[in-house]
Amino acid sequence: MTGPARKEAKMVESIVDTGKRDLLPAERQDMILSLLTRQSVVTVTELADLLNTTEITVRRDLTILANAGLLKRVRGGAMSLSGTTTRKGGAPRLSSAIPPIPAPDGISDLTVPSLSDDMSGNQPVIGAMMPEPSFFWPNVIESIRETAAELGARVVSRESSYDRIDETEILDMIAGEPALCGIILSPSGRPDVAELTWEWIEHSPVPVVVVERDQPIFGTCFVDSVRTNHHFGVRKAAVHFLQHGHTRIGAAFSDTPTSTVIENGWKHILNDSDRIECPFIEDGIQPYDTSGVDGIVDKIIGSGVTAMLVHSDYLAIAIAQVLERRGKRVPDDVSLISIDGYATPSSRPLTVLRSNSKDLGEICVRTLMQRIATPDTATKHIFVDPTLVDRGSVADIRER
């Protein structure tokens with residue numbers, strides 16, 4: 001097995017316990033799409049090995065994803081449609097530069113005298129636990145590493161997953177690191193898994209910063225957090241639509257750990273204003289669900305909406321593909337904004353709302369360092385606005 005393949009095998013090992021069960025088709029297809037955001041080409045043999053399945057099953061999955069317009073089939077495997085290039089270490093480099101978001105007041109200039117080698121000479125350690133596979137989290141971890149290095153610390157990262165695995169075992173491993181001074185983590189989006197994780201956080205031996213997750217509604221554990229301000233991001237999308245004359249707008253959301261927050265933000269806009277009419281909101285539809293995507297397009301055409309707000313990227317791509325097959329073009333006939341715009345292929349540029357992984361990682365580290373330096377200060381919850389990247393998929397209809 002090649003070096004990249006070994007790396008991806010390690011990644012999948014954190015998700016799949018082959019001794020327990022086989023993966024569901026939706027899980028395999030999610031992993032294939034995520035893998036193709038980290039490397040441009042995958043082979044059928046490699047995927048069969050990583051996913052612990054047969055090559056026939058892999059070919060069937062690739063055909064489903066290719067028919068949905070989410071990847072390109074090539075002899076012996078598949079190729080990503082993504083317009084990203086690859087950084088050293090395998091994390092994708094975004095093709096469009098994102099302007100930096102300044103850190104909160106008092107954090108960027110923070111000096112932390114407690115970040116010095118302990119008596120045994122060990123360099124201070126920051127633990128990190130993030131989900132895999134994903135095109136988003138590797139960039140967050142890279143930013144955490146860069147910022148920690150500037151402050152004289154090193155990072156020990158462990159991968160969790162979107163599956164039902166015991167995250168407390170991973171955190172126990174991190175807690176065993178000598179010279180550990182703090183942990184940055186993203187608990188599972190599954191309530192049954194997250195409950196145990198939050199109990200662990202409440203009794204953590206070191207300060208914790210939670211990234212991209214809210215604490216349970218009735219939880220008793222309050223720790224610092226850093227999150228993308230999806231509510232404000234959705235407002236940016238609404239304003240962009242209105243500025244181009246769109247007032248009749250539909251919405252569709254995949255099932256992800258952040259989809260509920262995004263959908264709630266959209267519903268707040270609809271409830272608090274009468275400027276936008278939204279004939280339908282479809283949620284829980286995955287991009288490889290052919291009948292589900294066809295149903296969304298049926299509603300787009302039947303309802304006469306002029307624009308769509310869509311999460312995630314792959315669902316937006318799938319909708320655009322089906323619209324095109326039905327004789328409808330983006331943006332001439334239907335305008336579209338995609339939320340969490342990382343994997344949009346260069347062949348189908350879409351206007352996107354993009355979380356800033358670099359700033360999220362940096363602010364997480366600096367927030368942790370501030371907590372270490374001043375442990376008795378009030379808990380902080382920091383929100384980082386997403387960036388709206390205009391790629392021309394919203395047409396101006398004011399003069400039509």
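What follows is calculated from the coordinates using simple rules that are stated; it is not laboratory data. Small disclaimer: the values here were computed from a predicted structure and weren't measured. Ideal geometry is used to build each Cβ from the backbone, glycine not excepted, and the neighbour counts take in all protein chains shown.
Can you tally the net charge around Leu388? Count Lys and Arg as +1, Asp and Glu as -1, for every other residue whose Cβ sits under 14 Å from the Cβ of Leu388. Spelling it out: positives minus negatives among the neighbours equals +1. Based on the Cβ-Cβ distance of Phe383 and Ile56, what FRET efficiency does E = 1/(1 + (r/R0)^6) give at R0 = 56 Å, to the nearest 0.05? So the FRET efficiency works out to roughly 0.75.
Can you flag which of Lys72/Lys299; Lys267/Lys358; Lys72/Lys236; Lys267/Lys299 are past 23 Å Cα-Cα? Please report the intermediate quantities before stating the final value.
On the way: Lys72/Lys299 27 Å; Lys267/Lys358 29 Å; Lys72/Lys236 32 Å; Lys267/Lys299 18 Å.
Too far apart for the 23 Å limit: Lys72/Lys299; Lys267/Lys358; Lys72/Lys236.
Could you compute the FRET efficiency for Val41 and Thr168, with r as their C-beta to C-beta distance and R0 at 51 Å, rounded to 0.05? Taking R0 as 51 Å, the efficiency between Val41 and Thr168 is 0.90. Apply the a/c threshold of 1.5 to the C-alpha gyration tensor of the stretch 284-394 and tell me whether it is rounded, prolate or oblate. Prolate shape, in that a/c is at least 1.5 and a/b is the bigger ratio.
The length gained by stretching the chain between Asp332 and Glu195 to full extension, at 0.36 nm per residue less their Cα-Cα distance, is 44.7 nm.
Dividing the alpha-carbon radius of gyration of the stretch 268-316 by the rule-of-thumb value 2.2 N^0.38 Å gives 1.22.
Pair-distance distribution of the stretch 174-263: all C-alpha pairs, bin width 5 Å, starting at 0; shares per bin in whole percent are 3, 11, 19, 18, 14, 10, 9, 7, 5, 3, 1, 0.
Rank by packing, highest mean first: peptides 266-279, 230-243, with packing defined as the count of other Cβ atoms within 10 Å averaged across residues. Don't jump to the answer; show the numbers that get you there.
Working: 266-279: 13.8, 230-243: 19.1.
Put in order of decreasing packing, that is 230-243, 266-279.
Given that compact globular proteins tend to follow 2.2 N^0.38 Å, what is the ratio of the alpha-carbon Rg of the stretch 230-355 to that value? Intermediate results must be reported in sequence, preceding the final value.
Numbers: Rg = 13.0 Å, N = 126, 2.2 N^0.38 = 13.8 Å.
This ratio for the stretch 230-355 stands at 0.94.
Between Asp390 and Glu324, what is 0.36 nm times their sequence separation minus the Cα-Cα distance? Round to one decimal in nm. Write down the numbers at each step before the final one.
Working: separation 66, 0.36 × 66 = 23.76 nm, distance 2.07 nm.
Once the chain is fully extended between Asp390 and Glu324, it gains 21.7 nm.
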